[in-house]
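Have a look at the structure below, then the notes.
The values are calculated or read from the model by the stated rules, or taken from the named source; none is laboratory data. Since the structure is predicted, the reported quantities are computational estimates derived from the model, not experimental observations. Here Cβ is always computed from backbone atoms with ideal geometry, including for glycine, and neighbour counts include all displayed protein chains.
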Amino acid sequence: MATEPFLPSKTPPELQEREPLLDQTTNNSSIRTATSSPEFIFHDGFPLPSINESLGSITPLAPPLEVIKKFKRSRTAPAMAFLKALNSTSNDEKSKPTKESELSDSVESIRLAGLLLLVYLTIGVVIYSFNRDQFSGTDTHTVIDAFYFCIVTMCTIGYGDITPLTPFAKVFACFFVLIGFGFIDILLSGLVNYVLDLQENMILAGMAKEGKGKHHHRHDKKSHSPCRFSAMDFVVDVAKGRMRIRLKVGLALGVVLLTIGIGSLVLHLVEGLDWVDSVYLAVMSVTTVGYGDKAFKTTGGRWFAAVWLLLSTLAVARAFLYLAEARIAKRHRRIADKILQRDITIDDLLSADMNNTNFISKSEYVVYKLKQMGKIGEKDIAQICVQFNRLDHNQSGKITLPDLFANL
């Protein structure tokens, strides 16, 4: 029995000019018959013309909607591999100057902090040395006493063993303390941050190297059993590429205990205090309490205190900042959990419907929840939209491959 050839339905020319695929979109049954024919072949997601020898013509056919959804670009295609390689190369070239600029900025901030600290201490030592009779206290060595007085004043410890007597000395002490606050902030944000970031990078690099070695060792043994617990996951946030706050707090507290121990030992050996008074004075010093009943009185003790007080005060201040950061992070996690567990209401739906479509999409829901958790704000969203519009050259509301090639 002869099969009847496939004949697509006719469309008026005036409609065909406006909707050239009207026949194919309105006659799904005919299209399914045509697609079942071996003459209709799909190649890389695009339909080839169906050749009907009986008609002697070529009829372009479009696949139905359910067939179109099945065709996607393969991420392992040679073209996509080339694009990924090209993208990684361009990103590396763009990231090199950024890393170099960040390193140069850190070095410049350290140089600036060191230069300002040197000028600050030099001015204080000169004024104290030429006006020694205007300050009360035990004399050991003029330069060492001046250096010791400047550090104790800048760190706001206030032992009371060296105090100004004249109006000039008191006015000088007031300005010296106020300016010293600024230097403490510069040292905390510059030198201390650089040292701690360098220490963090070294720890992360060592743990990453150790993790890779263990991975290769397990791979050589052909052991595919997943690791249930890893110490690196406990102290390092692999996804964010940084140490967890608990490790930062632990390191900061360890540095504080180390400075207290070193100070107690020197006070016991150099100043001749017993162990209780040594620990007492060390703790009162690093916490900048400074009751004034105990202080450094020898030349060696004051020379040590000039260096030890500066480093220990900065370490304790950084430890308190890490503790505050840990408490704030814990509070934010608790608030985020409450927000995520709360069911959506009608007011939430109306607020999250940014496109005024009477429904919210997944992206709108995610943005709304992030705004509720305080992760982002309207200013952040506006900046992201500006960046998107800059990448969208033809203002189509989409970023395509030609748009990315235009930025290379």
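Could you please give the count of residues in the range 349-408 that are outside any loop (DSSP other than H, G, I, E, B) and of a type in the set (D, E, K, R)? So that I can check it myself, show each step before the final result.
Step one: list which residues in the range 349-408 are outside any loop (DSSP other than H, G, I, E, B), which gives 349-352, 362-372, 378-391, 401-407.
From the residues that got through so far, the ones that are of a type in the set (D, E, K, R) too are 362, 364, 369, 371, 378-380, 390, 403.
Count: 9.
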Only one of A329, A305, A319, A336 is surrounded by 16 or more Cβ atoms within 10 Å (Cβ to Cβ), closer than 25 Å to L187 by Cα and within 25 Å of the chain's Cα centre (by Cα). Can you tell me which?
A319
Residues of the range 291-317 being modelled with pLDDT under 90 and either closer than 26 Å to L251 by Cβ or assigned to a helix (DSSP H, G or I) (or both), which ones?
L310, L311, S312, T313, L314, A315, V316, A317
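Kindly provide the set of residues from the range 272-287 that are under 16 Å from S312 (Cβ atoms) and either touching a residue at least 12 places away in the same chain (Cβ under 8 Å) or not assigned by TED's automatic domain parsing to the domain that holds V307 (or both), ordered by number.
First pass over the range 272-287, keeping only residues under 16 Å from S312 (Cβ atoms): 278-287.
The answer is S278, V279, Y280, L281, A282, V283, S285, V286, T287.
Filter the range 112-160 down to residues that are part of a loop (DSSP other than H, G, I, E, B) and closer than 21 Å to M284 by Cα, then give me how many there are. If you could, list the steps in order and put the result at the bottom.
Quick first cut of the range 112-160, residues part of a loop (DSSP other than H, G, I, E, B) only: 131, 137-141, 155-160.
Remaining after also requiring closer than 21 Å to M284 by Cα: 137-138, 155-160.
Residues in the range 112-160 being part of a loop (DSSP other than H, G, I, E, B) and closer than 21 Å to M284 by Cα: 8 in total.
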Do you know which residues across the range 119-145 are surrounded by 12 or more Cβ atoms within 10 Å (Cβ to Cβ) and in contact with a Leu (Cβ under 9 Å, 6 or more places away or on another chain)?
Q134, F135, S136
Some residue of the range 161-172 being at pLDDT 65 or above, among the charged types (D, E, K, R), farther than 30 Å from G250 by Cβ and assigned to a helix (DSSP H, G or I)
yes
Residues that are among the hydrophobic types (A, V, I, L, M, F, W, C), in the same structural domain as V249 (by TED's automatic domain parsing) and exposed (fewer than 13 other Cβ atoms within 10 Å of the Cβ): does the range 345-362 have at least one?
no
For G374, the lone unmet condition from (1) free of Cβ contacts under 8 Å to residues at least 40 places away in the same chain; (2) under 28 Å from D337 (Cβ atoms) is (1)
